[in-house]
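A short reminder: the numbers here are calculations on the coordinates, not readings from a lab. The structure displayed is predicted, hence computed values, not measured ones. With ideal geometry, Cβ positions are generated from the backbone for all residues, glycine too; neighbour counts draw on all protein chains shown.
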Amino acid sequence: MMQKFSSIDYKHMKRALELAKLGEGKTSPNPMVGAVVVKNGEIVGEGYHQECGGPHAEVFALEEAGKKAVGADIYVTLEPCSHYGKTPPCAQKLIDTGIKKAVVAMVDPNPEVSGRGIEMLREAGIKVELGLLKNEAQKLNEIFLKYIQSDYPFVFLKKAQTLDGYIASKTGDSKWITNSAARLEGHKLRHRIDAIMVGIGTVLADDPSLTARLDTREGIDPLRIILDPDLEIPINARIINQKSTAKTLIITAQNDEPDILAKKERLLKLKQVDIISFAAENKYFDLREILKTLKKRKISSLLVEGGAKLSHTFLKENLVDKFYYFIAPKIYGGSDGIASFCGKGPKLMSDTVELKILEQKLLEDNILLIAERK
């Protein structure tokens, strides 16, 4: 039977979703969750999950509501947890507090919960209504859903290019194709993901920092991952020497040659550097194995900002969940520049990768297109 919700229900759940989004970039690998406690039509408590390992949204909302929570309704964007993890189960907290009704946007896909929280509430006599703004809640936590339901993190691919599809000139120069507004939007994306990946070619050409720099404050730096099969990274590269809260993970090919082992030892003396070795064939790694390893390290989201080769490999192997295209009103006007992708394309246009545009954003005179595969 289809659950019917009132305009007041929608209002309170929209507020819970707004609260949940405040945790963006801070809760990984946990989901973003918001909660609103309502008594006699009035909001008496609000909360959101602020950081992984910290109190959940329901706890903050109930604490703010205090005694008013007894006999109240709670609107929460995700099913209350039912297990002991880093925090006690929220479902039991709702029961102990005396909540009368819980309106839940979506079931938690985590196998440790997945309906058990709702079952606990109903067994305790709490009325549960499920599915209000479910699609919006799922979209908000698309990263968490992919992380829980697959072997890989959620993968973003970012491109900054000219109208005719070039990311650099024939000399490798790319500063700057896009404007400052577009670059700021790119830093906002870095701020909310767990890790950013480039190939060694990008490091050698640009000596990037790959930090998150926002307009009013420093962002949360992602883990920086460099695919470097021959361990070519210079010891003085900015990415491994700068002041940052995040580490740099160098992925290199398995190699026991003395000079490689000596360089590894020097690199590992830098506090912010980790190194992992993978098998490589013709300097190419198995990206799926790397993604599985990243998930085991609790990396729930990855931003690929590499050059044309790395981008082509991710595209060809169908590993991209969402595309971010920053397009500047510039034309390179030649065939000797560096295109967005390099490698063999299809023979027929009917075999090209078709995308569904999810969002279009004007950034002064630049355009951001956010898309996914059809």
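Listed values, structure above:
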item: Sequence ranges 275-288, 344-357, 112-125, ranked by mean other-Cβ count within 10 angstrom, highest first; result: 112-125, 275-288, 344-357
item: Rough spin-label spacing in nm, given labels placed 7 Å along Cα→Cβ, for residue 18 and residue 100; result: 2.5
item: Answer label, with mean projected area of the Cα convex hull in nm² calculated from the coordinates and candidates (i) 22.0; (ii) 24.7; (iii) 50.4; result: (i)
item: Rel. contact order, % - alpha carbon contacts under 8 angstrom, at least six apart, the chain; result: 15
item: Separation between Cα centres of region 338-374 and region 3-41, rounded to whole Å; result: 33
item: Amide H contacts of residue 160 (H built 1.01 Å from N, under 5 Å, at least 5 apart or other chain); result: 326
item: Cα extents of region 150-373 along the three principal axes, largest first (Å); result: 49, 46, 39
item: Spacing of the two label points (7 Å from each Cα toward its C-beta) at residue 358 and residue 256, in nm; result: 4.5
item: Residue order, fewest to most surrounding Cβ atoms within 10 angstrom, among 90, 81, 342; result: 342, 81, 90
item: Relative contact order %, region 150-373, counting alpha carbon pairs below 8 Å whose residues are six or more apart; result: 32
item: Enclosed volume per residue, in Å³, of the convex hull spanned by Cα atoms of region 7-145; result: 87
item: Average projection area in nm² (convex hull over Cα atoms of region 58-101, one quarter of hull surface); result: 2.9
item: Under the Karplus curve 6.51 cos²θ - 1.76 cosθ + 1.60, θ = phi - 60°, whole-Hz ³J(HN,Hα) for region 343-358, x wherever Gly or Pro sits; result: x, 6, x, x, 6, 10, 5, 5, 9, 6, 7, 8, 10, 9, 6, 8
item: Cut-off 14 Å, label 7 Å out along Cα→Cβ of residue 235, residues of region 271-307 by amide N; result: 271
item: Test item: Cα-centred dipole of region 150-373, Lys/Arg +1 and Asp/Glu -1 on Cβ, debye; result: 580
item: Sorted peptide list for 302-310, 128-136, 264-272, 19-27, criterion being average Cβ within 10 angstrom, highest first; result: 302-310, 19-27, 128-136, 264-272
item: Amide H contacts of residue 197 (H built 1.01 Å from N, under 5 Å, at least 5 apart or other chain); result: 225, 303, 304, 305
item: Label-to-label distance, nm, for residues given as residue 269 and residue 292 (7 Å Cα→Cβ offset); result: 3.6
item: Taking region 7-145 and dividing mean pair separation by its residue count, relative contact order in percent (alpha carbons under 8 Å, at least six apart); result: 21
item: Interchain or long-range residues, amide H under 5 Å from residue 273's placed H; result: 248
item: Hz values of 3J(HN,Hα) by residue in region 221-229 - Karplus curve (6.51, -1.76, 1.60), Gly and Pro given as x; result: 5, x, 4, 9, 10, 10, 8, 9, x
